[in-house]
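The values are calculated or read from the model by the stated rules, or taken from the named source; none is laboratory data. No experiment lies behind these values; they were computed from the predicted model shown. Neighbour counts run over all protein chains shown; Cβ positions are idealised from the backbone, glycine included.
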Amino acid sequence: MPRLDFISDEILENIVSEILTKAYNLKKNQNSHDISKNVVDPWAILFETSGFGINFDEWKSSETRRQIQKSLQNCYGDFHQQILGFVDGWENLHKGDKKSGMDLICRSRKIIVELKNKHNTVKASDLTNLYDQFDKLVMPVN
């Protein structure tokens, strides 16, 4: 009996293996990770080193781990999207349909999905645009 009834164990294991490989590679490359590729808030450095009683090198190590963890967390959405794309009737649009920004679709049930890992990953300022995208998909103008 398969682990999930809508996807073969082989495909599921390959998807899990992809995530584990990404985690391994992120950890392996931790020493060469450049924390300055993301904007670092100088106030965070000041308050975290002072408030946590750590020196700059300890802060830098912590920030590097945090950024690597965030990179891995971004992979979780792809993981869920890949698996859900195997549910009968559903289609994985991969990195989001470029025109609509949607991730999954069930044409027979007329359902579209913009998949998020957490309840708060859409900024309030982006909600209007997201609603407009949904509206265009659901109520197209001819």
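Look at ASP135 and say whether it is at pLDDT below 85, of a type outside the set (Gly, Ala, Ser), surrounded by fewer than 12 Cβ atoms within 10 Å (Cβ to Cβ) and not in a loop (DSSP other than H, G, I, E, B). Let's see the steps before the verdict.
Working: at pLDDT below 85: yes; of a type outside the set (Gly, Ala, Ser): yes; surrounded by fewer than 12 Cβ atoms within 10 Å (Cβ to Cβ): yes; not in a loop (DSSP other than H, G, I, E, B): yes.
Yes, satisfied.
Picking from residues in the range 70-96 that are in contact with a strand residue (DSSP E or B) (Cβ under 9 Å, 6 or more places away or on another chain) and free of Cβ contacts under 8 Å to residues at least 40 places away in the same chain, the one that is farthest from GLN30 (Cα to Cα) is GLY89. Scan the range 4-49 for residues that are basic (Lys, Arg) and within 19 Å of ASP78 (Cβ to Cβ) and jot them down. Result: LYS22, LYS27.
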